[in-house]
1. Would you rank MET220, MET50 by solvent-accessible area, highest first, keeping every protein chain in place and using a 1.4 Å probe?
2. May I ask you to rank ILE131, ILE3, ILE180 by accessible area, largest first, using a 1.4 Å probe over the protein chains only?
3. With the cut-off at 26 Å, tell me which of the pairs LYS166/LYS223; LYS141/LYS166; LYS141/LYS221 have Cα atoms farther apart than that.
4. Report, in debye and to the nearest 20, how large the dipole of segment 89-132 comes out about its Cα centre when Lys and Arg carry +1 and Asp and Glu carry -1 on their Cβ.
5. Given a Förster distance of 22 angstrom, what is the FRET efficiency for GLU190 paired with HIS81, based on the Cβ-Cβ distance and rounded to 0.05?
6. Can you give the accessible area of GLU155, probe radius 1.4 Å, in Å² rounded to 10?
7. I need the calculated FRET efficiency for the pair ILE28 and LYS166, taking r as the beta carbon distance and R₀ as 35 Å, to the nearest 0.05.
8. Determine the gain in length on full extension of the stretch MET37-SER1; use 0.36 nm per residue of separation and subtract their C-alpha separation, reporting nm with one decimal.
Amino acid sequence: SSIRASRVEAERTRNFVASVTHELRTPIAAVKLYGEMLHDGWVQGEEKRMEYLARIVHESDRLDGLVDRVLLRRKLFDRNHNPVAGDLNEEIHQQQEGLEMVAGRSVGDLAFDLSAGLPHVLLLPDGVHVIVQNLVENARKYAPVSVGTDGTAGEPILVRTRMSQKGNVLLEVLDRGPGIPESDRSRIFEAFLRLGDESTRTTKGTGLGLHLVALQARAMKGKVRALPREGGGTVFQVQLKRAARA
């Protein structure tokens with residue numbers, strides 16, 4: 001059992017190193033290419049120069065995001081956390097506009113269904129932002145909204161808040177993707193785990209996104225799980241702890 005666990009951890013670490021290496025090299029190469037072309041005067045016209053500068057900024061943001069995720073994992077492990085009472089819907093409202101934008105434009109693949117009158121829950125600064133951002137990004141990677149030949153988009157990714165039948169406050173992100181095999185649902189929140197192998201995987205990522213969701217939920221005294229969605233797809237469900245009444 002110990003040997004098997006060591007082999008699994010070694011394989012996971014190998015995949016993580018491979019994915020991080022790829023994720024670093026791609027934006028670095030792009031920044032270097034566009035920078036050299038601008039420096040050497042290969043780009044003619046102000047409009048084209050501005051386009052290349054925008055690409056440099058975009059690739060730099062990708063690098064920044066990767067570093068932030070690695071550092072955030074360490075911070076969530078190393079610190080004691082004291083979540084405070086807050087309004088879940090208000091936290092989501094504050095980031096809604098940013099969530100709807102991809103590469104500076106609205107793509108129209110999100111819908112929001114936020115139940116009114118929810119009790120306050122225990123939150124951390126930026127905790128809800130990290131959870132929703134990573135769950136939406138995960139859905140966009142693995143369960144993108146289909147677009148027909150006539151340009152009509154399919155059912156959007158749904159960000160939802162609600163009360164459960166047991167009186168728990170739930171934050172959910174629902175997609176219409178291929179779903180997750182039952183055997184993998186308890187594993188997808190582990191660090192550096194990405195289903196498949198880096199040598200054959202085409203989607204970008206390091207396997208940290210869902211792990212950060214789980215760490216943030218735990219830091220706020222909540223928990224997260226993945227469930228099959230009726231009609232196809234997955235429901236990522238975060239159960240948050242209700243704050244004590246003043």
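1. The residues order as MET50, MET220, largest area first.
2. ILE3, ILE180, ILE131
3. Working: LYS166/LYS223 15 Å; LYS141/LYS166 32 Å; LYS141/LYS221 28 Å.
Exceeds cut-off: LYS141/LYS166; LYS141/LYS221.
4. Details: 1 positive and 7 negative charges, 10 e Å.
Rounded to the nearest 20 debye, it is 40 debye.
5. 0.60
6. Per-residue accessible area (GLU155): approximately 90 Å².
7. 0.10
8. Details: separation 36, 0.36 × 36 = 12.96 nm, distance 5.42 nm.
Taking 0.36 nm per residue and subtracting the Cα distance, the gain is 7.5 nm.
The values are calculated or read from the model by the stated rules, or taken from the named source; none is laboratory data. Computed from a predicted model, the values in this text were never measured in an experiment. Heads up, the Cβs are rebuilt from the backbone with ideal geometry, glycines too, and the neighbour counts pull from every protein chain shown. We work out accessible area using only protein heavy atoms, side chains counted, and drop any ligands, DNA or RNA first. Shrake-Rupley method; radii C 1.70, N 1.55, O 1.52, S 1.80 Å.
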